[in-house]
């Protein structure tokens, strides 16, 4: 989920990880098993420990103790160094971090009862105070290894901010907090290391990580791709539509962008190239589809669960809110593919290459059944803590009873290893970025920043959104999406809410713009992964992905300006806004690709091609933009203005295309 992705079976070195051997080879699955037992005990109240009920804080620290120390085992101190063995200093860090985190779990009751987080220097034992300092340092190092140096620098500066806050000029300064008190708050409170990110991970995210891994290890990727082939393969640009559909299905279950690209792209990219798509276009389509899948319910990514915790709403509320924007995004991808295929006179895949729908459903019906169960438990029963565990259990049982993917003991061990790697990566990242939230909670900086941002923006919602979009994009280039979201949820979101925007729409806006970096150069991680499969230039694939996924840059503004698109506020205008958004998307895609459905190839319009394409894009954006609210025009006025721009362009293009002038090559 999120960037902490479910890796492919047999790919233990993905992301610079070590290839474990010897006793360390068995530590990872053993610790993963212990983690799962702790989660089962907490979520289902199984009482593995007789006559003992764990506090939430004890449970959180127990998870940290089983996962974060393993970051020093899995990730070398420097990428490429000691990839086949664990050196003595990493083994020592593993033991020290385990001892520190276990001591925090064992003293959690005393800490809560005595208020160590606020008065550690007077009531906590000396070893606990200095242990908190040491734990602060090792959490930052675990964050560096799992999340990168850029993330370390940002979190180290902000986590230490309370100690030198008095040196910071107004309005961002405050009273400084001594080293030991700062460390005590980071470690003993529920606002920092054990803050919103780690609590979301411990309560909900970890179950969906297991579900995503189980789907991949039971062969769900093949089922989703075959299912997409039966539905979309025979139509114009069929191979690309299969990529969009299958990536959307698989990614919405696993919640991982890069894993999704590598899983579905291995089959869809060669098929696209074989049917006439250029390598850069094939890679770009797969990158855009895999990125959008993480924004689609029911599972989405880890960031969505953290969002639910921040907003203090059920995850089902976030999942439902994401549905309409996700549908619009994938509709736009389908239209981009269809227009591109129409412009280049592409056809669907041969019928003999299409699997039979009856065969596909007969072999993979239980995936559909399990997904329906998951959605039912999430949206109807509201059992979001239990839903992924029950769905995973049913999937594994059915897989053993009916599937050709039936597991042996080796598969079980690999499943545990894969889960362990994902758990460790995400736990190390979330524990580290929790320090940011803790620092702002300790100093009260959030309220100060909200006031300052409102002053700078003149309380203009549009200017604040543009500032947020740019900041999200820049941070997304150097930080994980979850870290980027948390940073802006603390710093920017309160300002947007303060000017009257819907809180859920604001947080979705921040998440969407954090995802933009996956398909936008210079980083464009999804495009990089797809370009390697397509054997295409990385930068060219990234710019093509920007063009194909262009709607992702506009959708966030649409649902912030009209919260009904995320099922908030007045829903009476939702049908109208959906219709105008769909019309707008069709026009924008036609303008971007140079082929308008119902009109034809715009190259036939000669020297008017580019002016007409520009008019279609502008008119489409005006159709999609809701009137009213912060917009200066009412919905009727906005629609009329959009029609005044787009309709003449369509009529002129249709007349010129009907003349039969051959399109330029």
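Between residue 231 and residue 411, the simple spin-label model (points 7 angstrom out along Cα→Cβ) gives 2.6 nm. Quotient of the Cα radius of gyration of the stretch 14-195 and 2.2 N^0.38 Å, N being its number of residues: 1.13. Below 8 Å, C-alpha to C-alpha, sequence gap of six or more: please give me the relative contact order for the stretch 76-173 in percent. Contact order relative to length: 19 percent.
Angle of helix 409-443 to the longest C-alpha principal axis of the chain, folded into 0 to 90 degrees and rounded to 10: 80°. If you plug the beta carbon distance of residue 103 and residue 312 into 1/(1 + (r/R0)^6) with R0 = 30 Å, you get a FRET efficiency near 0.45.
For a modelled paramagnetic label at residue 448, 7 Å from Cα along Cα-to-Cβ, the residues of the stretch 172-192 in reach, with backbone nitrogen under 13 Å, are 172-177.
Using the Kirkwood radius built from alpha carbon pairs, what does the Stokes-Einstein equation give as D for the chain at 37 °C and 0.692 mPa s, in µm² per second? It comes out at roughly 126 µm²/s. Ranking of 185, 72, 331 by neighbouring Cβ atoms within 10 Å, starting from the fewest: 331, 185, 72. Global size of the stretch 213-328: 14.6, 48 Å for Rg and Dmax (C-alpha atoms, Rg to one decimal, Dmax whole). For the listed peptides 270-278, 583-591, a ranking on the average number of other beta carbons within 10 Å per residue, highest first, reads 583-591, 270-278. Short-range pairs are left out: with C-alpha atoms under 8 Å and at least six residues apart, the relative contact order of the stretch 573-665 is 33 percent. Helix 538-548 versus the longest principal axis of the chain: what angle, 0 to 90°, nearest 10, using Cα atoms? Between helix and principal axis, roughly 60 degrees.
Over the stretch 573-665, the alpha carbon radius of gyration divided by the compact-protein estimate 2.2 N^0.38 Å works out to 1.13. For the pair residue 636 and residue 361, label points projected 7 Å from Cα toward Cβ lie 4.7 nm apart. The length gained on full extension between residue 40 and residue 459, counted as 0.36 nm times the residue separation minus their Cα-Cα distance, comes to 146.1 nm. With the convex hull drawn around the C-alpha atoms of the stretch 253-309, the volume per residue stands at 68 Å³. Computed from the C-beta positions of residue 652 and residue 474, the FRET efficiency with R₀ = 51 Å rounds to 0.80.
What separates the Cα centres of the stretch 404-428 and the stretch 499-574 is a distance of 31 Å. Taking a label point 7 Å from the Cα of residue 574 along the Cα→Cβ vector, which residues of the stretch 351-383 have an amide N closer than 16 Å to it? Counting only backbone N, you get 379-380. Pairs of Cα atoms nearer than 8 Å and 6+ residues apart set the relative contact order; for the stretch 14-195 it is 22 percent. Highest mean first, the peptides 440-449, 73-82 sorted by other C-beta atoms within 10 Å per residue fall in the order 440-449, 73-82. Show that you can apply the helix-only estimate: for the chain, add -39,500 (n - 2.57) for every DSSP H stretch of four or more residues, divide by all residues, and state [θ] at 222 nm to the nearest 500. That calculation yields -22000 deg cm²/dmol at 222 nm. If you model the stretch 294-381 as an ellipsoid using its alpha carbon gyration tensor, with each semi-axis the square root of five times an eigenvalue, the axes come out at 32, 22, 8 Å, biggest first. With the gyration tensor restricted to C-alpha atoms of the stretch 74-128, the semi-axes of the equivalent ellipsoid amount to 34, 10, 9 Å, longest first.
Between the C-alpha center of the stretch 468-490 and that of the stretch 284-341 there is a gap of 17 Å. Note on 360, 566, 618: ascending count of other Cβ atoms within 10 Å places them as 618, 360, 566, the fewest first. Taking label positions 7 Å along the Cα-Cβ direction at both residue 386 and residue 368, the computed distance is 2.6 nm, reported to one decimal.
Could you tell me how many degrees, from 0 to 90 and to the nearest 10, lie between the Cα long axis of helix 503-515 and the main elongation axis, the longest principal axis, of the Cα atoms of the chain? Helix 503-515 and the main axis of the chain meet at about 80 degrees.
FYI, it's all coordinate maths here, none of it is from the lab. As the structure is a prediction and not an experimental result, all values here were calculated from the model. Note that each Cβ is placed from the backbone with ideal geometry, even for glycine, and that neighbours are counted across all protein chains shown.
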